[in-house]
Structures are given as C-alpha cells and as structure tokens.
Amino acid sequence: MIEAAGGKMNNKLHSELIKKAMFPDLGCSEFRELTARKAMRITPMRMMVYHFIRCAEDKGISAYQILDQLKSYNPNAKPTTVYRTLDYLQQAGVIVKIESCSKFVKKNSFPHEGLTLFMICSNCGTIIQHTDSKIQYYVEDKSHEYGYIMQRKDIEISIICPGCQANEKMAQSG
C-alpha cells in the first residue's frame, strides 16, 4: 500500500495514475520505441526516471535530484530504487552517467553508432553529445597500438561553452 493524501492507495492504482498523469506524450512514445527495440521491460519507475532525465535536457540530473522529484509522486521512494533503475537504464544503453559530474543524460546515440564525445561546460554544466565514427576509429587504433582494449565508448572533456565565454568577456570588459 502507498500512503496518499486522504488515505491509502494500492500500488497498481498508483502506477496507473502516474502513467496517465505524467506520460501522455512527454517522451513516452520515444521511451516505448527504445524499450521495444532493446527488448526492455517497461515499468512506471523506469518511465518516470527516464522522463526526469529527458526533462533535464543538456544539463543532466543527479540521482538525488531524481529522488527529490520522485518523492513528489511517491513520498516513500528510496535511493536504492533510483540507483537500481539508473543501473538498468544505463545497461540498456538509453542513458549515460557523466562520471566527471555524477549526472545522468539521455543517450542521443547508441553504441553501434560510434564513440560519443561528451563536452561538459565547466562553468554552467551544459553537456553536449557528439557521436563520430572517425573519432572512434582513431581512439580504437591508438588503444590497440598500445595493447589496450576499449571498454567504454564515451569520452568526457571539460570545455567552456560559447555562452560562458561571452559572459566572461563581458565581465572582463565591464
């Protein structure tokens, strides 16, 4: 049972209400397509977590920010539930964790499409994704040249985005 305002609500009813309230078309069709393509099982929790990540857009979102948002729908939500869901979505390849800032973003490309370069603005936190097979071939060749095997096809680099560069110039000239 789940405690709801004014009484108790069973888990099935809670799940149905969440689906109807949150996912009429807020990326749900995209998520359903992804899950069908990857033979993933859809659950309300996975849909909600994916939705929160998708809404964070190019800023990413931390596990605890997801938990805070989730608690507005389920006050009893626990960090372990969020982390398990994030692990599942990562293993499925639909989200990625940006290690340098511990945030999660929706994966715009998939492993078969090549290496993904994540450019993270060190000032504002904007995360840009760029997939390029030429970069992948170069990195793989260099790895093999040194006797290594690539395990992760994501590279993170710290940058300063054009908006922050302009802000810095204005601050210096002002």
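The values are calculated or read from the model by the stated rules, or taken from the named source; none is laboratory data. Please read these numbers as outputs of a predicted model, since none were measured by experiment. Here the Cβ is made from the backbone with ideal geometry for all residues, glycine too, and neighbour counts use every protein chain on show.
Considering (1) within 23 Å of ARG32 (Cβ to Cβ); (2) free of Cβ contacts under 8 Å to residues at least 60 places away in the same chain, the lone condition that LYS78 does not fulfil carries the number (1).
Here is a yes/no grid of residues against (1) within 18 Å of LYS106 (Cβ to Cβ); (2) in contact with a helix residue (DSSP H, G or I) (Cβ under 7 Å, 6 or more places away or on another chain); (3) surrounded by 18 or more Cβ atoms within 10 Å (Cβ to Cβ); (4) among the β-branched types (Val, Ile, Thr):
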position	(1), (2), (3), (4)
MET40	yes, yes, yes, no
MET45	yes, yes, yes, no
ALA56	yes, no, yes, no
LYS59	yes, no, no, no
GLN65	yes, no, no, no
ASP68	no, no, no, no
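Taking each residue of the range 145-174 that is in contact (Cβ under 8 Å) with a residue 24 or more places away in the chain and of a type in the set (Lys, Arg) and looking for partners that are assigned to a strand (DSSP E or B) and surrounded by 10 or more Cβ atoms within 10 Å (Cβ to Cβ) with beta-carbon atoms closer than 7 Å, six or more apart or interchain, yields LYS153/THR116. Among the residues of the range 111-128, those identified as assigned to a strand (DSSP E or B) and either touching a residue at least 60 places away in the same chain (Cβ under 8 Å) or in the same structural domain as CYS55 (by TED's automatic domain parsing) (or both) are ILE127, ILE128.
For the range 91-110, name all the residues that are in a loop (DSSP other than H, G, I, E, B) and polar (S, T, N, Q). SER100, SER102, ASN108, SER109 - these are the residues of the range 91-110 that are in a loop (DSSP other than H, G, I, E, B) and polar (S, T, N, Q). Is there a residue in the range 82-90 that is at pLDDT 90 or above, under 12 Å from the mean Cα position of the chain (by Cα) and not in a helix (DSSP H, G or I)? Looking for residues that are at pLDDT 90 or above, under 12 Å from the mean Cα position of the chain (by Cα) and not in a helix (DSSP H, G or I), one finds none in the range 82-90, hence no. Looking across ASN76, ASN108, one residue alone is over 16 Å from ARG152 (Cβ atoms), under 15 Å from the mean Cα position of the chain (by Cα) and either surrounded by fewer than 17 Cβ atoms within 10 Å (Cβ to Cβ) or in the same structural domain as SER29 (by TED's automatic domain parsing) (or both). It is ASN108. Looking at CYS101, is it assigned by TED's automatic domain parsing to the domain that holds CYS164, under 18 Å from GLN65 (Cβ atoms) and not acidic (Asp, Glu)? No: the conditions fail for CYS101.
Considering TYR83, TYR88, the condition of being outside the structural domain of GLU168 (by TED's automatic domain parsing), out of contact with any Phe, Trp or Tyr (no Cβ under 8 Å at 6 or more places or on another chain) and exposed (fewer than 14 other Cβ atoms within 10 Å of the Cβ) is satisfied by TYR83 alone. Screening the candidates ILE66, ILE53, ILE98, ILE120 for the property of being at pLDDT 95 or above and touching a Cys at 6+ places or on another chain (Cβ under 8 Å) yields one hit, ILE120.
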